[in-house]
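The values are calculated or read from the model by the stated rules, or taken from the named source; none is laboratory data. Computed from a prediction, not measured in an experiment: that's the story for all the values here. Because the Cβ atoms are built from the backbone with ideal geometry, glycine has one as well, and the counts that use them run over all protein chains shown.
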Amino acid sequence: MNLIGKRKLWYAISFVMIVPGVISLMLFGLKLGIDFSSGQLSVVKGNVSVSTVDAADQGLGFKDVQVVVSGSDQTQIRFRDPAPQAQHEANHQKFKAALAKRGVTELSFDSVGPTVSSTIATNAIISLVLVSLAIVFYIAFAFRNAPQPVSPWSFGFMAIAALLHDALFVLGVFSILGHFFGVEIDALFVTAVLTVIGFSVHDTIVVFDRIRENLRRDKGSFETVVNNSILETIARSINTSLTVLLTLLALFLFGGQSIRLFVLALLIGIASGTYSSIFNASPLLVTWHNFRLKRAEKARAKPKKNK
Amino acid sequence: MSLRVKFWLICALALITVILALPREDTVFRALGFKKASLSIKQGLDLQGGAQLVFQADLSKTQASQKQAAMDSLVTVITKRANFGGTSEVVVQRQGSDKVSVSLPGVKDVNDAIDRIGKTADLEFLEVNSQNNQTTATNVAGKDVDSASADYDPQRAQPVVRLKLKGGDATKRFGDLTTKLSQSGNLLLTTLDGQPTFGPAKTEPITDGTAILSGNLDVNAAKKIADEITAGALPVPVTLVEQRSVGPTLGRESVRASLVAGAIGLGVVAVFMLMYYRLAGLLAVLALLVYTAITVTLYKLSAFLPGYTIVLTLAGIAGFILSIGMAVDANILIFERMKEELRAGKSFVAAVEAAFDRAWTSIRDSNVSTLITCAILFMTSSATPIIRGFAVTLGLGVLVSLFTAVVVTRTLLRLVIRQGWGRHPRWYGVNMAEEGSK
């Protein structure tokens, strides 16, 4: 099987998968939950209508009230209490009592102030940057003895390309979900993205490792070596992903409602990670290698003409 | 170490951890003569229900050199206040430079808890001139009070608060103040957070350091005020900036859901491994069970660590279940490699050794990248305990799985291939005839 030969097809598939999400990201961005934008979130039992919430909110003056039914028997009520922070809990108690009067039970309540949400957002960005940097350096270090014709850094950067692919895919899907279904992202979502990144690199490294090993034995052209390496590791890649995806699927179907979106982010991210480690990261090594060869040839060709 | 010794060590480890990991481990302890020993996994608020409150201190009026001390005493006072309800597992922690987080497992009345913890409770004694009603400050304040208790005064037929002043200087100053007041006929007004609470009333000279404060109070109010005074005033005012509360029903539901998901996840992975890798798969499943037992034991034992106790949250369980998938990955890498080596015509012994040797770099490099992610998540998540829980369980899972997938599986595999019955390629998912005909 020649996977590398069809690499343009694989890139095209990735492109088609990612572009809608990226467009959505540019147009609508992500819907930020209270972890990032501050505010209040009350999760109640049952399907609760907007009019019930409005009636319970009477006189409290909550702003930006949103009612989103999540899962089979829960409703999320999001709002922003314009009163000073000291009164928030008293207002919440009134709201809760008004809901209870209408037969609605509150399951959980979160309130996040602006100082906290900005800390969470800053930490999220710091950790994303740190994880990406640490991984490039680690891969460059781990592959420092990689035989020619590939430099250790190109292993690192191609792994980053693959992880960007996966992170963008997850972000894009959640941007679309956010715009059309009111799905918000929270602090856990950042964790999911970081885990996807870790996993994506995990998968990519296994293939790279085999490429390195086969390069040492020096069998055939770079393209053939990469192709064989992918084929030799493909059973492992798919089997590992299957086991992880199966456990995640169990969590998604039977785990708690409150982590369902977190698990969904992991599911699609890890599926994407498997694809990118097989069909993007290693083929990109070949594309990059060929690009450099061509450039080197041109550079060699030019002086000759001048003579 | 010989293979046999290793095998028995692994068996012993498995036995001990399985016993410790099982829910009824305390019966074993009792049988061994330890009366009170018991282990339990600490559950997060999202599993057992309760509230997490974060208060931010207003340090704008505090000198830079005093900030550290102010925060330390804030944590002390808040701890005292939060423990009043008798909730045993209250955890009060400093968070960042100016925040204090309080977790109250199983708390029923969150509003009351917020009220109780967030009040400054600044007690002041003021002198009220009996002629012109003007108030002047005195040299006695809340910091001079040692403790307070609610009491019922039969003479006045109403609840009162009984104060005990700190000895020495505080008692003397209070004595001087009350003596002066009783001579001049001026009144004593006691305020709490600027609100007149007791008095103004006449007072007799009090030199023994105890005082009875009466006002228009019912029993509950008297008790609450006494508690506030005993815990002491907050050194700086605080505001509630974050609250997360989970009802007990949702928590129970989450625990049940996670257990089901975990069991199904484990089961599906086991079936997959058995079908695909057969005998080797069976060994991997055994290693996976050892892995689960060790991990659960570590969760339980972490209660004895001075620095950090693993608190299991929903996200933490997700991390644990995810790490099951990763634990299997190392075995899949090894078994795939072993199949390749067998197909290449190597003997069983050579194939097993080559598989472990060659797969190791992949296993190491790929797991290190996950560990890096966990470490960074841990470092940047002081404000978000839920993320920290995930990073800890996933990271721990990766470490333990490296041990079980490599050491445990290798030992078992080496033992099995020594036996005649353990050397059939078919039992490892390799079809030699098919390979040969290719």
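Of the numbered criteria (1) in contact (Cβ under 8 Å) with a residue 12 or more places away in the chain; (2) over 17 Å from B:Ser362 (Cα atoms); (3) at the interface with chain B (Cβ under 8 Å from one of its Cβ atoms), the one A:Leu130 fails is (1).
Considering every residue within the stretch B:405-425, establish whether at least one is within 14 Å of chain A (Cβ to nearest Cβ), free of Cβ contacts under 8 Å to residues at least 40 places away in the same chain and over 31 Å from the mean Cα position of the chain (by Cα). Taking every residue of the stretch B:405-425 in turn, none turns out to be within 14 Å of chain A (Cβ to nearest Cβ), free of Cβ contacts under 8 Å to residues at least 40 places away in the same chain and over 31 Å from the mean Cα position of the chain (by Cα). One residue alone among A:Ala140, A:Ala134, A:Ala159 is assigned to a helix (DSSP H, G or I) and under 12 Å from A:Ser276 (Cβ atoms), and that residue is A:Ala159. Please work out if B:Asp26 is within 14 Å of chain A (Cβ to nearest Cβ) and outside any strand (DSSP E or B). Against the criterion (within 14 Å of chain A (Cβ to nearest Cβ) and outside any strand (DSSP E or B)), B:Asp26 does not qualify. Within the stretch A:225-257, the set of residues being at the interface with chain B (Cβ under 8 Å from one of its Cβ atoms), in contact (Cβ under 8 Å) with a residue 24 or more places away in the chain and over 30 Å from A:Gly71 (Cα atoms) comprises A:Thr233, A:Arg236.
For the condition without any contact (Cβ under 8 Å) to a residue 40 or more places away in the chain and part of a strand (DSSP E or B), A:Gln76 qualifies. Checked against the criterion of being in the same structural domain as B:Pro306 (by TED's automatic domain parsing), over 17 Å from B:Thr309 (Cβ atoms) and among the aliphatic types (A, V, I, L, M), the candidates B:Val28, B:Val77 yield just one match: B:Val28. Annotation: A:Ala100 fulfils all but one of (1) surrounded by fewer than 16 Cβ atoms within 10 Å (Cβ to Cβ); (2) within 30 Å of A:Ser200 (Cα to Cα); the unmet one is (2). Residues of the stretch B:87-128 that are assigned to a loop (DSSP other than H, G, I, E, B) and at negative phi: B:Thr87, B:Ser88, B:Glu89, B:Val90, B:Ser97, B:Asp98, B:Val107, B:Lys108, B:Asp109, B:Lys119, B:Thr120, B:Asp122. For A:Ile205, the conditions (1) more than 8 Å from every other protein chain (Cβ to nearest Cβ); (2) within 20 Å of the chain's Cα centre (by Cα) are fulfilled apart from (1).
Considering the stretch B:176-250, the qualifying strands (runs of 3 or more DSSP E), each wholly inside and each with 3 or more residues that are more than 14 Å from chain A (Cβ to nearest Cβ), run over B:187-192, B:195-201, B:210-214. Of all residues in the stretch B:185-232, those satisfying the criterion of being hydroxyl-bearing (Ser, Thr, Tyr) and more than 21 Å from B:Ser130 (Cα to Cα) are B:Thr207, B:Thr210, B:Thr230. Note on the stretch A:1-47: residues that are more than 30 Å from A:Thr287 (Cβ to Cβ), surrounded by 16 or more Cβ atoms within 10 Å (Cβ to Cβ) and aromatic (Phe, Trp, Tyr) total 1. Among the residues of this structure, A:Gly273 does not count as one that is without any contact (Cβ under 8 Å) to a residue 24 or more places away in the chain, touching a Ser or Thr at 6+ places or on another chain (Cβ under 7 Å) and assigned by TED's automatic domain parsing to the domain that holds A:Ala187. Of everything in the stretch B:282-309 that is touching a residue at least 60 places away in the same chain (Cβ under 8 Å) and within 14 Å of chain A (Cβ to nearest Cβ), the residue that is farthest from B:Arg426 (Cα to Cα) is B:Thr292. Being in the same structural domain as B:Lys223 (by TED's automatic domain parsing), exposed (fewer than 14 other Cβ atoms within 10 Å of the Cβ) and either part of a loop (DSSP other than H, G, I, E, B) or touching a strand residue (DSSP E or B) at 6+ places or on another chain (Cβ under 6 Å) (or both) is a description that applies to B:Asn132. Scanning the stretch A:188-234 for residues that are small (Gly, Ala, Ser) and in contact with a helix residue (DSSP H, G or I) (Cβ under 7 Å, 6 or more places away or on another chain) yields A:Ala192, A:Gly198, A:Ser200, A:Ser229. Each residue in the stretch B:175-193 was checked for being buried (at least 17 other Cβ atoms within 10 Å of the Cβ) and either without any contact (Cβ under 8 Å) to a residue 40 or more places away in the chain or over 22 Å from B:Ala222 (Cβ atoms) (or both), and 5 of them qualify. Might you check whether a residue that is buried (at least 21 other Cβ atoms within 10 Å of the Cβ), not in a helix (DSSP H, G or I) and not assigned by TED's automatic domain parsing to the domain that holds A:Ser277 occurs anywhere in the stretch A:52-73? Checking the stretch A:52-73: at least one residue is buried (at least 21 other Cβ atoms within 10 Å of the Cβ), not in a helix (DSSP H, G or I) and not assigned by TED's automatic domain parsing to the domain that holds A:Ser277. Restricting to the stretch B:225-257, what's the tally of residues that are without any contact (Cβ under 8 Å) to a residue 60 or more places away in the chain and either more than 26 Å from the chain's Cα centre (by Cα) or crowded, with 19+ Cβ neighbours inside 10 Å (or both)? Residues that pass the stated criteria total 1.
Give the stretch A:79-111 a look and list any residue that's outside any helix (DSSP H, G or I), more than 15 Å from B:Ile114 (Cβ to Cβ) and either touching a helix residue (DSSP H, G or I) at 6+ places or on another chain (Cβ under 7 Å) or facing chain B (nearest Cβ under 7 Å) (or both), or say none.
A:Arg102, A:Val104, A:Glu106, A:Leu107, A:Ser108
Contact map, the stretch B:331-354: residues that are assigned by TED's automatic domain parsing to the domain that holds B:Ala287 paired with residues that are among the basic types (Lys, Arg), Cβ distance under 7 Å, separation 6+ or inter-chain. Pairs shown: B:Ile332/A:Arg236; B:Leu333/A:Arg236; B:Glu336/A:Arg236; B:Arg337/B:Arg358; B:Phe348/B:Arg423; B:Val352/B:Arg414; B:Ala354/B:Lys346. Pairs meeting the criteria (first residue in the stretch A:194-212 and under 20 Å from A:Ile268 (Cα atoms) and of a type in the set (D, E, K, R), second residue at pLDDT 85 or above and surrounded by 24 or more Cβ atoms within 10 Å (Cβ to Cβ), beta carbons under 6 Å, at least 6 apart or on different chains) are A:Asp203/A:Gly273; A:Asp203/A:Ser277. Going residue by residue through the stretch A:267-287, is there one that turns out to be modelled with pLDDT under 85 and more than 30 Å from B:Asn331 (Cβ to Cβ)? No. Among the residues of the stretch B:369-382, which ones are assigned to a helix (DSSP H, G or I) and either more than 7 Å from chain A (Cβ to nearest Cβ) or closer than 15 Å to A:Leu133 by Cβ (or both)? Of everything in the stretch B:369-382, those that are assigned to a helix (DSSP H, G or I) and either more than 7 Å from chain A (Cβ to nearest Cβ) or closer than 15 Å to A:Leu133 by Cβ (or both) turn out to be B:Ser369, B:Leu371, B:Ile372, B:Thr373, B:Cys374, B:Ala375, B:Ile376, B:Leu377, B:Phe378, B:Met379. A:Gly255 falls short on exactly one of the conditions (1) surrounded by fewer than 17 Cβ atoms within 10 Å (Cβ to Cβ); (2) closer than 30 Å to A:Ile176 by Cα, and that condition is (1).
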